[in-house]
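Report on the structure given below.
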Ligand code: HEM
Ligand SMILES: Nc1ncnc2c1ncn2[C@@H]1O[C@H](COP(=O)(O)OP(=O)(O)OP(=O)(O)O)[C@@H](O)[C@H]1O
Ligand SMILES: Nc1ncnc2c1ncn2[C@@H]1O[C@H](COP(=O)(O)OP(=O)(O)OP(=O)(O)O)[C@@H](O)[C@H]1O
Ligand SMILES: [Mg+2]
Ligand SMILES: [Mg+2]
């Protein structure tokens, strides 16, 4: 393990484990967030766009149905 | 057309003159020196009245650190800037980096005996990072001010 | 239903109306007329109990209004100049809160109410994405959900296009036909089959001046 | 004077106008027409340089507008929806600041300008004590003081009574007769002797849709 | 050169270009960051004073540098947007704010954690720390201002102005350690020749992490910018083509 | 009581949709707290003495400034009129609204307070009393602030006026809240002061809605 | 330059006609300053140490909160558009407006500061540096605040957002302002710090109007 005698040594970081590992954990979190968030946003965007198309189709259908129903009532 | 250019010139010259004044003032300020913590020399020259809270910054003089023979967790050492030494007394836990020959910043006041009673001790790291084995070489070359 | 006797109101030292009196009945449609600033909105708000700077009597089913306020509010639907639509919420959420605030248990009918105002598929879009006319429609969709017999609506036709105006007129009329009462103001001329009773505040004002 | 070529503007993803082009000359009166939200105000603000979200060219006396901005502003009088009247100041104080901000030295003529808009004796009352119509008149009194040849006015007739409207129309016309240019929007139908050139934004929009 | 700049201003070109080079950038970044972090964490010898704790430097320093660089980049983009109306510049500026905020937070957090054992405090109101905190606030303020506007156009311009007003803070962060007496240490003098203080085995891994993080920063910005392009250009044909492809996948 | 739940839901939904309402008070709290060490000096021993006072005063200001989002948009879009015409008990609707607003703007302050307290070097044993005080005190501040906001919502420029009206009413809360921390630091019992704050909270919960409703009726007029 | 004088005159006239604009910031200043003895304890020796910091921080907040009256009414009644269409140099008109606003809301704070300072038991020798600092500092605060206000005047709910944008920019002024008092108390020269504050003021006067005009153009759009 490079400059460490053992893996346990590496984990304990010469007694500074809390500091070193929490700093690295936060850093990893920052990296993760910066990748995860745009990727999720991208997914959401595609989902929304597809849903928007569906909704538009549905909107047209509902309008048609509603109008047919009304015309049916009128006659 | 002409008026537009004239207006712009007025504003530009206003800004230029202003910036010049600002630069002059900044240079003057830097000349006067604006310090936030005081070196032992400044303290010795009486720039800080006694009884007043302030911050002192310097090096821990080699060989000046006493702790074992004192009560509890009290420590005493000399803060120095290679010219003047100021005795410092502190009770509490010291940071890791607090070593003889290293930088230190202390909050506190000068008591009646001329001792700086610190309420907080902070260790100041220098600009050098090196593995332990290079230190010997370094000390031999006398690269740092060794107080 | 709602009756008014000897109503007097002044605002900023200007008399808006004096000796105003009328009595609505089930099936009535009342239109309050008058030029800008003549006090139409003020009158409607007085009738609702939102404004109490008046003198005179207002009674509800024969009882003084302030004694039967809770009952009156249960029977009243009021719609003011502003649409009372929160722009960050969706139409569905807006109407759901409306139902809750009126003690109605009609969350299932919300979609239908929106559809009947031609808001097909708009129920889950935040309202700020809707045009002014569509927002007005969301606001009006509440009429469908409300069970109140008395409707007091202030310029309900603003921001609606021609077709919307016609539909809303028909809807108001059908409410009156079913035994409800409508009190409204509008600057455009109504086009209804049933008789519309009018109160002209301008005429009242000239009467005052005379 | 002011010319426009190939102007294109969209707002919130909706095209307001496209391929708009016209050229005003001294003595012209231009009326911008269109329904609510069709972009009349937006167009006027673009012409003034208050809004720069457009594509296309605007030129003033043959030169690109942004190059001669200061000169253009000196020749321009703009009046928007809002009256630009501070309510705590008196009409006189409001107009005095207007003169200063335009670099005019006409403080003596203020009273006369106010009088010509029928504000006899109102010059030292704080504006919040004036009615909406009177405030509008204060705002319009600036037309009298301004020396600018190009007037761009957005719905100047709001809050004016019939007589006021007629007078203002005559006044705008006389400005055009004296070689000035007027660009205006209004929802009411103009009643002027001289020919009024119109731009119909609704027509342009349907053209776009087609 | 100008032509290239002009092309960069085209969203479509940017989108396809970054799409092409992304795998390479990701690969390079993974290698640099991986090597640098493992080296720094496990193979560099401990510092003669701070021991293993010193390893925080390998993430603290590049985080702080990237955060400051990010602010500069945002300011340049803001200026380009305000002066030349380049829409791409605004999209990049918009992407910079959240990324810069997170990196500033990382610099603050790692620095604080590092300070607990070494200095004896996790926070002190010295010039370097305070000005870094101000930078965090500025990033947040820029985002808040943009989102407060209903109109995207106005929000973009307003946040650009604020960005430019706040740019004075960055040199203050950088030089605060020289202008004032700070508890934070000054700039280290790295050199290839000096093998005693700051020898290469200390700073070479730092270089790896530094460049790796730069790559990561670019990736993060590019990802966000691409999303923004898709949103703003959703009505164009080329975006609907992309959408069509996406529909095919689903 | 379904109206209470519905109102709470509505408030929280609106807040989550427009995160500025949640984040801005928090940001103000953090920034304003950081001003003090810069202003009065950052000596640790010294900071620890003023810590609780500074946190209380800043929380006071943050709550006060956050009030604007409580009734403003409802007033502008006409929802407030509808609310006042509801046949449901308006008293409880208002209570639910204020509770929702506290959850959005007050509670986050309490949750963030420990971090700021340690930045200001507040002694460990004072932390709990500080939090207890804030937990009981911020709802009082929100309720009192709501009265002031209800009175001024009809005015276009209400920022400073609200401050001038409401800050004097906040003083008792401040006194007891910081008293709590001082007592704890001095090793005295804090149950008495806690009970007092609790009593104030209960009173405020019971009586403030009456004042708020009355004030809203005036503003809507 | 008659436009500068005319604008100044207009601002002062408006302020004298609507005294709330002048009195509210002062009232806020006084009330907020009195909160501190209540919050941190009223021991005289202790108060005297925090006095300058408290006065500075409160002045900061008062100036910030007073900004609302700078452009709000002009924005709403359309005067702002007229101003931006003026053929006169807008840069100087804006400068005059901000100067007028400082005379109304900043200068009174400086004048009142000695009273509050003696309430907080500020040592005698610190008074002059405090006043000198405020005299140079409050105009900077007003100028920076005007940038923030210009950016947010088009938004309906801008109170807390303004704080979040502007308070970070106020920090340097606060640091130097209180540093001035500390140096004086420590018996050191203050000319350096004064020069620095002066430099900041000159720079702010020169550059802030550019940012303000740009921001106003955006807001009016
Ligand atoms: C919250 C606390 C801290 C903050 C906000 C902070 C911030 C910064 C910033 C902004 C830089 C500048 C990076 C650059 O110039 O590119 C920096 C560099 C650095 N910091 Fe920190 N820091 C903090 C704590 C610490 C601590 C506790 C240590 C170690 C004792 C430390 C060691 C360093 C080092 C070694 C550098 C690189 C200096 C150079 O070579 O230029 N920092 N830090
Ligand atoms: N909040 C108020 N405070 C004082 N006076 C008011 C207020 N609102 C309106 N007024 C005055 O009361 C009068 C009546 O106003 P109201 O709003 O009732 O008119 P309206 O008939 O509804 O006009 P519109 O057709 O424009 O809606 C007006 O002259 C107006 O000046
Ligand atoms: N501040 C704004 N931000 C974004 N869009 C706006 C803004 N103001 C207006 N719009 C939109 O721009 C379009 C044109 O508005 P504009 O005010 O120019 O219309 P108009 O023709 O003047 O209408 P009116 O007859 O009601 O005055 C409208 O559809 C409106 O939705
Ligand atoms: Mg009305
Ligand atoms: Mg218009």
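With the convex hull drawn around the C-alpha atoms of segment D:87-147, the volume per residue stands at 67 Å³. Other protein chain C-beta atoms within 10 Å of residue C-beta, averaged over A:11-19: 6.
Helix D:91-102 and the longest principal axis of the Cα set of chain D meet at an angle near 50°. Can you tell me what percent of all Cα-Cα pairs in segment D:70-121 are more than 16 Å apart? Beyond 16 Å sits 50 percent of the P(r) for segment D:70-121. When the alpha carbon coordinates of segment F:176-221 are projected onto the principal axes, the ranges are 52, 15, 6 Å, largest first.
Shown for E:179, C:97, E:119, A:36: other C-beta atoms within 10 Å of each C-beta, ranked fewest to most, produce the order A:36, E:179, C:97, E:119.
Scoring G:211-217, G:64-70, E:81-87 by mean Cβ neighbours within 10 Å over their residues and listing the highest first yields G:64-70, G:211-217, E:81-87.
Where a ≥ b ≥ c are the square roots of the eigenvalues of the C-alpha gyration tensor, would you call segment E:14-108 rounded, which needs a/c under 1.5, or, failing that, prolate if a/b is larger than b/c, or oblate? The shape class here is oblate. Label-point spacing for residue F:175 across the identical copies (point 7 Å from Cα in the Cβ direction), in nm and ascending order: 3.9. Measuring spread by the Cα atoms of chain G yields a radius of gyration and Dmax of 17.7, 58 Å. In the calculated pair-distance distribution of segment G:1-90, the portion above 20 angstrom amounts to 53 percent of the Cα-Cα pairs. Across the identical copies, the label point of residue F:45 (7 Å from Cα in the Cβ direction) is separated from its matches by 1.1 nm, in order from shortest. Diffusion coefficient (Stokes-Einstein, Kirkwood radius over C-alpha pairs, 20 °C, 1.002 mPa s) for segment F:95-177: 154 µm²/s, rounded to a whole number. When restricted to Cα atoms, segment G:65-107 yields an Rg and a Dmax of 10.9, 31 Å, respectively.
Distance from the axis that maps chain D onto chain C is least for the Cβ of the chain D residue given, with the whole Å value, as D:187, 6. Compared with the dominant principal axis of the Cα atoms in chain G, helix G:159-185 is inclined by about 40°. Relative to the 2.2 N^0.38 Å rule of thumb, the protein assembly as shown has a C-alpha radius of gyration ratio of 1.02. Roughly how many Å is it from the Cα centre of segment D:4-53 to that of segment C:1-67, as a whole number? After rounding, the separation between the Cα centres reads 45 Å. Take residue D:66, push a point 7 Å out from Cα through the beta-carbon direction, and compare it with the same point in every other copy: 6.4 nm, smallest first. Taking a ≥ b ≥ c as the square roots of the eigenvalues of the alpha-carbon gyration tensor, segment A:7-74 is classed prolate because a/c is 1.5 or more and a/b outweighs b/c.
When Rg and the Kirkwood radius Rh are both evaluated on Cα atoms of segment E:26-237, their ratio Rg/Rh stands at 1.02. Across peptide G:55-67, the average count of Cβ atoms from other chains found within 10 Å of a residue's Cβ is 3. Segment D:118-134 and segment F:21-38 have Cα centres lying 46 Å from one another. Helix C:132-145 and the long axis of chain C differ in direction by around 80°, with both axes built from C-alpha atoms.
With all pairs of separate Cα atoms included, segment D:1-80 yields a Kirkwood hydrodynamic radius of 13.2 Å. Chain F residue nearest by beta-carbon to the axis mapping F to G, with distance in Å: F:159, 3. The smallest convex shape that holds all Cα atoms of chain D, its convex hull, gives 123 Å³ per residue.
Rule-based calculations on the coordinates, nothing more; no lab input. Please read all numbers here as calculations on a predicted model, not as lab measurements. Counting neighbours? That spans all protein chains shown, and the Cβs are built from the backbone with ideal geometry, glycine included.
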